[in-house]
Structures are given as C-alpha cells and as structure tokens.
Amino acid sequence: MAAGSVEAKGKAPLKDVTSAVVRFAGDSGDGMQLAGTQFTDTSAVVGNDVATLPDFPAEIRAPAGTVAGVSGFQINFAATNIHTPGDVVNALIAMNPAAFKAHIDDVEQGGIVVVNDSEFEKVNLRKAGYKEGYNPLDDEQINQKYKIYRVPITRLNEEALAETGMGAKDIGRCKNMFALGLIYWMYDRPLDTTIGYLEDYFGKKKKKPEVAAANVKALKSGFYFGETAEMFPVRYHVAKAPISPGTYRKITGNEALAMGLVTGAKLAEKTLIYCSYPITPASDILHNLAAMRNLGVKTFQAEDEIAAVCSAIGASFGGQLGVTGTSGPGLALKSEALGLAVITELPMIVVNVQRGGPSTGLPTKTEQSDLLQAMYGRNGDCPIVVLAPKSPADCFDIAIEAVRIAFRHMLPVVILSDGYLANGAEPWPIPDPTSFDKIEIPAPPSPESFHAYSRDENLSRPWAAPGMAGLEHRIGGLEKQNLTGNVSYDPENHQEMTDLRHAKIDKVGEFIPALEPYGSPSGDLLVLGWGGTYGSILTAVDHARQEGHKVSAAHLRYLNPLPKNLGEVLGRFKKVLIPELNVGQLRLLIRGKFLIDARGLNKVQGKPFLIEEIEQAITLMLDGTWGPSESLTPRHHQVSSESWGG
Amino acid sequence: MTTATTNLDVPVLTAKDFASDQDVRWCPGCGDYAILNQVRKVVAKMGNRKENTVFVSGIGCSSRFPYYMDTYGFHSIHGRAPGIATGIKLANPELDVWIVTGDGDGLSIGGNHLMHVLRRNVNVHILLFNNRIYGLTKGQYSPTSEEGKKTKSSPMGSIDMPLSPLSIAIASEASFVARAIDVDKNLAGVLERAGKHEGSAIVEIYQDCNIFNHKAFDYATAKDAKLDNILYLEHGKPLVFGKDNQKGITLDRTRKPKVVTLGEDGVTEDDLLVHDEGDESLAFLLSRLTYPDFPEPMGVFYRVEDDCYENLLEKQVEDAVKAKGPGNLADLYSAGDTYTVKD
Ligand code: SF4
C-alpha cells in the first residue's frame with residue numbers, strides 16, 4: 001500500500017459524467033442510511049440535482065449479516081434535472097456479503113463495486129446464504145461483469161482509529177464514514193458538509209466530541225485511502241445542474257408533508273392538531289410535528305388508529321385543524337370514522353402513506369394500492385376528496401392545498417402519499433412563507449339565521465365551533481335533515497343529502513386547475529399517472545419524445561374530483577397507458593368513467609418503476625406489439641406482451 | 001371575549017334552558033329520562049354556559065342524549081366518544097365536555113378508548129349508563145349482564161363473565177370514580193361532583209331498561225329492600241348500611257370484606273372500614289362488592305387531583321415557545337442544511 005503520499009487529489013484522472021447512481025448497502029446496523037443521506041446533502045450542496053431511494057429492511061434488527069437485515073440507500077446525482085433515483089446502479093458499496101448478494105443484480109454491466117473485503121470471510125458468507133467454500137469475489141464471471149474493488153474497510157478503519165483510545169465496538173461504528181470518505185474521493189466531493197454534520201450531531205447535540213472526532217478521522221482516512229491506494233484508475237466528476245438560483249434544502253416527502261400541514265394551519269390561523277398512531281412509513285410525520293410545539297403544533301399519539309381519526313374529527317369539531325396520518329392498514333381501521341366526518345361535513349385531513357398490502361403486507365416498501373380504498377372504502381355512498389403528491393417536495397404543496405379545500409368546502413380530504421415519496425428526498429427551493437394566499441374561513445351566520453346545515457355558494461355548511469354563543473347545535477352519524485341538521489329518516493331527504501355530498505365534491509372541481517399534458521396537447525399516446533410515479537413517467541416520456549414519438553404525459557394530483565377537462569384530454573390521444581404500482585386501480589376508474597380502452601403497466605414489487613420499464617411499455621403501445629391484454633407487468637425489469645401481472 | 005360588563009348581563013340559566021327543541025324518544029318508563037332531568041338541573045346549577053358545554057356520545061339508547069341538551073353535541077359512532085371528546089378538549093381546553101355512554105358502547109366496542117381517556121386524565125365527565133343489556137339492538141346480553149342471563153343471543157344463558165366498570169376505571173387510573181342510580185336521590189350530588197372534578201371523571205349510573213331488562217336493579221331501588229342492598233359512601237365515615245344503619249363492612253383476618261352487624265359479637269363502629277376517597281385500594285375493594293353477597297356502594301369511590309392531559313399539552317407548547325422562541329415558518333423551512341445556487 002502506498003502509504004504516506006500526500007498528493008492533494010491522488011493520481012487518478014478525473015472523468016466528467018452527467019450523472020451517477022450510487023448505492024450504499026450494508027447491515028441495518030452499519031449506518032448506511034446516514035452515509036447515504038450525507039452523500040445526498042453534500043451532492044445537493046455542490047449543486048447537483050439529486051433524488052434518493054432509501055430501502056429499509058422490514059425487521060428492525062434482523063440477524064446481523066443476513067440478507068433480511070440489509071439496508072440500502074440509493075442516490076442519483078446529476079448535472080441535469082432528474083426526477084428519479086435512477087434505474088441502474090453505477091457504483092455499489094457493499095459492506096458485507098449479504099449486501100453484495102442483495103444488490104449486485106442492480107449494478108450495471110461494467111459498474112463499480114466497492115466491497116468491504118474484511119467481511120467476506122467464512123461465517124459472513126454462510127450467513128448471506130452462499131454455499132460452503134464459495135466467495136463471489138473470487139468468481140471469474142462476476143469479476144468479468146463488474147469492476148470489483150476489494151477494500152478491507154473494517155481493518156483499515158480499525159487501523160486509522162487505533163490511537164483514538166475508543167473501544168473496538170465504537171471504532172467499528174465509524175466504518176460507514178470510512179466508506180463514505182472513499183466514495184467522496186471517487187466522486188470528487190468535498191468533506192466539509194459531512195464534517196460539519198458530525199461535529200454538530202455527535203459533538204454538540206450528543207455531547208460526545210471524541211465520537212465526532214473519530215468519525216471525522218474515519219471519513220478523512222477513507223478519502224486519503226482513495227488518493228493514496230492507487231487502486232482506482234479513474235475518478236468521476238458530476239458538474240452542477242442548471243438549477244434556478246435560490247436557496248435550497250433537501251427534503252423528504254414526510255418532512256414536506258409535516259411542514260405543509262403546519263403552513264396550511266398558519267394560513268388559516270388555526271392550531272394544527274395531529275392525531276396519529278405510529279405506523280410505518282407514516283410515523284416520521286408524527287415525529288417531525290411533535291418537534292414543532294414552539295410553532296403551536298399539538299400532536300396526540302392515540303391508543304389506536306380509530307382513536308386517532310376520532311380525535312382529529314373532535315379537534316375539527318372543536319374549531320381547529322384536525323389531521324390524522326397513517327398507512328394502508330390504518331386507513332382501513334379509520335374507514336367508519338371517515339364516514340362520520342363525511343356526514344358531519346367537518347374539515348379534516350387524513351394522510352395515508354401507502355405501503356405494500358394487503359394486510360400487513362410489505363410495511364417498508366412502496367405501493368399505490370390504496371387508491372380504491374381511499375375512494376370507496378367506507379360504508380354507504382360516501383365520497384371523499386382525494387389528492388396525491390407527485391414528488392417529495394410536492395407533498396408540501398399538496399398539504400396546503402388539502403387544508404384549503406377542507407376549510408373552503410367543509411369536508412374531509414385524503415392525501416395519498418407513498419413510501420417512496422415519504423422517504424425519498426429531492427432539492428426543495430425554500431419558499432417565502434409570505435408568498436402564500438391566506439386560507440379564509442367564512443364566519444358562521446348570526447344566531448338568528450343560523451342553521452347547522454345551511455349552504456353557501458360552494459354548498460358548504462357553516463362551521464360553528466363550541467364556544468360560539470347562540471350557535472349551539474348537535475351533529476352526528478345519523479342522516480341529517482338538510483338546512484336544520486336535525487336527525488331525519490325521510491327518504492327524499494336522504495336522497496337529497498346523498499346527492500349533496502356528491503355535489504360538494506363536484507364543487508371542489510371548480511377550483512382545481514385544468515390538466516395540462518406534458519409534451520404535446522394531442523398525439524399517439526398519453527401516459528397518464530398519479531402520485532409518486534411522476535418522475536419515472538416524465539423521464540420515460542421525455543426519452544420517447546426525443547426519439548420523435550408523439551407521446552405526452554399527464555399527471556393527476558387530484559383523484560377526486562378529477563380535473564374537469566380530463567375526458568377531453570384523453571380524447572385527444574389515440575391510446576392511453578396508465579402505469580401504476582398496483583394492479584390497475586386508476587385504470588379501473590378511468591375505464592369506468594370514460595369508457596376508453598386504457599391499458600395498464602402495473603407492478604407491485606416494492607419498488608418504484610424504472611424509467612426503462614415505462615419506456616418498454618411505451619414502445620409496445622406505439623409499435624402495436626402490446627397484444628390484447630389490459631395490463632402488462634415488468635418481470636425482472638422486462639416488459640413484453642407475455643409478461644402479465646395478475 | 002368576556003368582559004366585566006357582559007358578565008353582568010349573563011342571565012342565570014335553569015334546567016329548562018338546557019332542554020333542546022327535540023322530542024325525547026326513549027321508551028316510556030326508561031331510566032334515561034330521570035338521568036336527563038338530573039343532568040339538565042346539574043349543569044344549570046353549576047352555572048355552565050350552553051355555548052361552552054358539549055355532550056359527546058357513541059351509539060346506543062343512552063347515546064341519543066346529546067340531542068336532548070340545548071348545548072353543543074356530537075352523536076358519534078359506536079364506542080368512539082372518548083376519542084372525539086379528547087379531540088374537542090385538545091382544540092379547546094376551556095370547554096365543559098361530557099361523554100354519555102353505555103355498557104355496550106363504553107365497555108364492549110369502546111373498551112379500549114375508555115381505558116385510555118381515563119389514564120390520560122383528559123378533563124371530561126363520563127356518564128356510563130349501565131342497564132346490563134343491549135337496548136337499541138333489542139335485547140342481547142352485554143358485558144355487564146349476569147352469568148346465565150337468557151336473551152335472544154343467549155337462549156341457553158350467557159356464559160360470559162360480567163365485568164365491573166368501576167374496577168376497570170380504577171385500574172385505568174381514573175381520577176374520579178363514582179356510582180349512582182337513575183331514580184336515586186344521590187344522583188344529582190354525584191353528578192355535580194363529577195361535573196366539578198378537574199380530570200377524567202366516570203360515573204356508573206344504574207339505569208333501568210324498561211323494555212329489555214326491566215327491574216334489573218330492583219334490589220337497589222325497591223323501597224323496602226334497597227337500604228339493605230346498597231351502601232351510601234361518605235368520605236371519612238364508616239361503611240354502614242341497612243334499614244336502621246345497623247350493618248357495616250369490615251375486613252376479616254384474611255383481609256377479605258365481610259358484612260357484620262353492629263352490636264353482634266361485640267362489633268362496634270370502630271371495627272368498620274372507614275371510607276377514604278383518596279384510597280385507591282379501598283376503592284378497588286368497594287368496586288368488587290356485589291349484590292347479593294354485599295351491599296353495592298353508591299357515591300364517590302375514589303378521587304384524586306392530578307394534571308389534566310389537555311393542560312399538560314398546552315404547557316408543553318408554552319414551554320417550547322419559552323425555550324426556543326415562537327417558531328416561524330421561515331426558520332422552519334430553512335432548518336438543517338441549506339445551500340444557495342447562484343446565477
Ligand atoms: S330500549 Fe331500554 S334503554 Fe333503550 S330506550 Fe327503551 S327502555 Fe330505554
């Protein structure tokens with residue numbers, strides 16, 4: 001090893017690339033999420049566009065060294081605008097054999113694989129499920145396919161920190177920083193953002209300056225190792241992206257949702273009361289909001305999902321903004337209470353961060369399979385407003401929009417986020433809080449003319465909260481007589497009220513923007529999506545357009561009501577393709593409502609679409625080889641007319 | 001909003017002022033009527049304002065209650081009134097919130113919520129109408145129906161062990177636990193104390209379901225028999241009962257409760273247990289006394305002062321503002337790493 005060289009950047013030449021996808025993978029205790037988020041922060045700060053995809057194991061602490069315990073973090077950083085975390089991995093960092101095994105198939109041919117060679121010994125190879133006597137690093141085929149770099153990270157890190165006086169366990173905890181330092185060198189990134197973080201977090205917050213120092217040392221050691229080892233023939237440079245000038249931060253969907261809800265409440269001059277029961281992947285919204293007490297936010301960790309939604313309804317009845325957050329199984333439990341919110345016409349919000357289902361399903365994996373549950377999963381004819389953010393940062397805007405709609409129209413609003421948006425991150429231009437329109441809440445009429453179920457021009461009923469003298473009234477789950485709000489079993493009134501509840505949703509439609517296709521207003525194919533698939537669809541459509549195809553994309557942020565011009569937009573295209581991370585829920589709605597032969601690209605594999613999968617589907621739609629099936633499913637990232645889902 | 005001048009203008013309200021314009025629709029002879037009358041009187045007597053009073057209920061006969069009070073009211077879904085009421089208190093801690101529930105609503109489908117609203121000590125007054133039957137669904141056995149009870153859903157007799165609502169309340173850390181009877185004179189007093197209690201108060205009210213479980217509480221209400229079958233609790237007073245106040249409760253050598261007769265075997269009042277509203281173990285013991293082996297205690301079993309949940313939450317908000325300063329959105333947005341992209 002060429003120790004002692006202090007040449008500033010090492011000898012490897014620097015190669016310019018427009019983007020790169022790096023994935024850190026290791027045991028769930030190896031600190032891969034931290035390494036990944038630090039790499040993301042640094043890349044954002046140097047001016048790249050970034051998109052991330054964390055991949056958590058379902059078990060909190062699966063047995064160390066097993067494939068079940070592997071935690072991953074993928075980041076795509078680019079000198080251009082990007083919208084997805086990337087299809088294939090250019091560089092994989094595998095901290096043990098299990099991580100190697102779980103992720104190697106996603107690495108591009110000829111891609112870089114940095115392995116922690118120290119961990120590729122008998123016991124770990126066995127734990128990862130490799131057969132006795134086999135080490136993939138010695139496999140000729142694998143060495144031909146990838147550029148494997150065997151770095152004894154555990155040992156080098158121990159040697160670097162030998163003199164810190166820390167215990168072996170604490171030293172071992174720093175090896176993620178060693179690996180990160182090495183990758184920083186490889187991709188020509190500065191260390192200062194991460195050093196600043198380590199000093200702040202371990203030094204100031206945790207009051208352990210020695211841990212901060214050791215981590216910084218490990219980080220630098222990894223970086224210097226890259227310089228001096230002469231192991232790597234080339235380094236890569238990704239230039240700044242053409243990002244509009246301004247101040248940015250990196251934001252995840254859950255962070256954005258929390259901030260959007262607070263902003264919405266402030267704009268309406270109401271207290272945000274967030275009532276929730278912990279559930280993956282929505283709990284971070286609760287955590288984020290619980291730390292915002294000094295903004296007047298109240299959080300309530302309820303005893304179960306039902307109590308969470310009921311207390312949110314109570315908070316709204318009580319005159320503030322009640323919000324509850326959950327994931328699919330929790331939405332199922334809340335459904336009866338949501339019916340109550342609909343019939344009592346109270347302004348509240350339900351956030352559903354979707355995950356793989358049914359039942360407990362795949363708690364840590366993303367999916368879009370609660371659309372129909374959100375639309376229809378209640379007893380009776382019970383329409384509800386449904387919104388879906390299209391990107392992590394869009395979670396902020398959609399949350400404000402949800403508050404606006406809930407108050408203007410006096411009804412509950414469901415936000416359908418998903419695991420990918422919730423944990424994925426992207427740069428967010430920090431908005432000016434004074435730039436948002438206030439959310440006006442109409443004052444209730446005077447006691448003389450007050451009726452609990454009178455209607456304004458939006459068919460909204462007045463919001464009279466306890467404490468307002470002369471407006472005492474009773475509401476509840478029994479059918480209400482229109483105007484008075486008294487209990488009514490009158491058949492004609494029930495018809496009228498059912499129609500009114502639907503008409504209220506239609507009224508919301510008058511306030512939402514018309515759908516503008518991306519690309520051309522008409523053409524051969526429209527790729528219609530909703531929610532977190534936006535980035536992959538947009539990029540795939542972009543590629544197809546560059547190849548000269550008459551393809552456009554349209555993305556629905558409003559699922560109920562749908563944009564009023566949707567039918568007209570659909571009619572301008574010869575064919576419609578609907579990619580969804582479910583077996584075809586939006587497709588069912590679109591076919592049912594518009595009687596068109598929309599086709600679906602559907603997958604439920606716990607991961608977002610690859611751009612390539614949508615590109616293949618576009619090609620099949622355009623060249624007429626799609627075949628008769630209503631939907632196709634990528635199998636191992638290949639879409640063909642033979643590849644059906646279920 | 002309130003100023004000294006408007007305070008002077010505020011008229012004193014009577015029970016009648018708290019009656020809504022809705023026809024009361026319980027079955028004739030239902031015990032709910034008596035309770036409704038007492039509650040209207042008590043809230044008037046407490047000097048409550050209509051606009052600051054909220055009645056929340058779930059589902060069941062008793063849960064129709066809010067419609068008959070001219071206050072704010074929320075007739076919610078089965079078992080969930082504690083959740084709704086908690087949300088109301090989080091939104092506005094100043095409100096006087098009452099929960100009306102029953103043995104099915106509060107102990108069966110809503111058992112979980114009852115336990116948690118009690119342990120959090122949300123400042124709500126819970127009236128649990130116990131008629132030991134499902135009335136609204138026309139007569140099935142409930143969690144408080146006696147073993148062997150024959151109903152439409154238990155034609156061979158119920159094999160469910162009934163539970164004691166007050167044992168559950170005490171175990172759930174309720175800060176005020178009491179019992180009364182729909183037609184008994186002590187109801188108003190108990191309701192008033194519950195209404196004034198700061199914290200989660202629960203009152204079990206024996207209520208006669210005239211249609212499906214008539215006379216279930218005959219032993220506790222019948223003129224001639226009742227004094228031998230119930231025991232009025234008074235803080236600091238020995239546990240005596242009976243027509244001539246000649247019987248009492250003591251502990252035997254294994255610390256089990258025992259009925260004794262004053263004057264017999266040298267038993268005097270000094271041998272009797274003395275009621276102490278602050279004694280949780282005693283309260284639990286009292287909650288286990290059931291007819292016919294024992295007289296059933298009436299009145300306040302347990303009472304302790306403790307911080308209310310909604311106030312603690314408000315205080316956290318205030319403390320956070322003191323510690324970090326009132327947050328603003330601009331700071332919130334730019335917390336963490338920010339970076340500036342220049343032209
Ligand atoms: S069924 Fe029983 S509890 Fe219900 S209203 Fe009639 S008498 Fe009262």
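Taken over the range B:269-285, the criterion of being without any contact (Cβ under 8 Å) to a residue 60 or more places away in the chain and either of a type in the set (A, V, I, L, M, F, W, C) or closer than 17 Å to residue B:305 by Cα (or both) is satisfied by B:272, B:273, B:274, B:276, B:277, B:278, B:279, B:281, B:282, B:285. Any residue that is touching a residue at least 12 places away in the same chain (Cβ under 8 Å) and within 13 Å of chain B (Cβ to nearest Cβ) - is there at least one of those in the range A:418-427? Taking every residue of the range A:418-427 in turn, at least one turns out to be touching a residue at least 12 places away in the same chain (Cβ under 8 Å) and within 13 Å of chain B (Cβ to nearest Cβ). Each residue in the range A:477-491 was checked for being more than 12 Å from chain B (Cβ to nearest Cβ), open to solvent by 40 Å² or more (accessible area, probe 1.4 Å) and not charged (D, E, K, R), and 2 pass. For the range A:429-465, residues that are of a type in the set (Lys, Arg) and surrounded by 16 or more Cβ atoms within 10 Å (Cβ to Cβ) total 2. Within the range A:168-227, how many residues are hydrophobic (A, V, I, L, M, F, W, C) and either within 22 Å of residue A:74 (Cβ to Cβ) or open to solvent by less than 10 Å² (accessible area, probe 1.4 Å) (or both)? Total satisfying the criteria: 16.
Which pairs do you get when a residue that is more than 12 Å from residue B:127 (Cβ to Cβ), found in the range B:195-210, comes within reach of a residue that is surrounded by 21 or more Cβ atoms within 10 Å (Cβ to Cβ) and at pLDDT below 95, reach meaning Cβ atoms under 7 angstrom, with the pair 6+ apart or on two chains? Every condition considered, the pairs that remain are B:209/B:135. Taking the range A:525-585 and the strands (runs of 3 or more DSSP E) fully enclosed by it, the elements with 2 or more residues that are within 19 Å of residue A:398 (Cβ to Cβ) are at A:551-556, A:558-560. Listed by position, the strands (runs of 3 or more DSSP E) contained in the range B:238-343 that have at least 1 residues being at pLDDT 95 or above are B:247-251, B:257-261, B:296-303.
Just need a number here: residues in the range B:275-312 that are open to solvent by 80 Å² or more (accessible area, probe 1.4 Å) and farther than 30 Å from residue B:94 by Cα. The total comes to 6.
State all residues of the range A:116-145 that are of a type in the set (Ser, Thr, Tyr), more than 16 Å from residue A:103 (Cα to Cα) and in a loop (DSSP other than H, G, I, E, B); if no residue qualifies, say none.
A:134 - this is the single residue of the range A:116-145 that is of a type in the set (Ser, Thr, Tyr), more than 16 Å from residue A:103 (Cα to Cα) and in a loop (DSSP other than H, G, I, E, B).
The set of residues in the range A:171-213 that are farther than 29 Å from residue A:111 by Cβ and touching a residue at least 40 places away in the same chain (Cβ under 8 Å) comprises A:171, A:210, A:211, A:213.
This table checks each residue for (1) within 8 Å of another protein chain (Cβ to nearest Cβ); (2) open to solvent by less than 10 Å² (accessible area, probe 1.4 Å).
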residue	(1), (2)
B:46	no, no
B:49	yes, no
B:91	yes, no
B:95	yes, yes
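Determine whether residue B:25 is modelled with pLDDT of 95 or more and open to solvent by 50 Å² or more (accessible area, probe 1.4 Å). No, not satisfied.
Counting only residues that are out of contact with any helix residue (DSSP H, G or I) (no Cβ under 6 Å at 6 or more places or on another chain) and open to solvent by 30 Å² or more (accessible area, probe 1.4 Å), the range A:267-277 holds 3 of them. Going through the range A:278-305 one residue at a time, which ones are outside any strand (DSSP E or B), open to solvent by 30 Å² or more (accessible area, probe 1.4 Å) and within 11 Å of chain B (Cβ to nearest Cβ)? Selection gives A:288, A:290, A:291, A:293, A:304.
The values are calculated or read from the model by the stated rules, or taken from the named source; none is laboratory data. Only a predicted model underlies this, so the values are computations on that prediction, with no experimental measurement involved. Reconstructed Cβ throughout: ideal geometry from the backbone, glycine too, with neighbour counts over all protein chains shown. Accessible surface areas use protein heavy atoms only, side chains included; no ligands, DNA or RNA. Shrake-Rupley method; radii C 1.70, N 1.55, O 1.52, S 1.80 Å.
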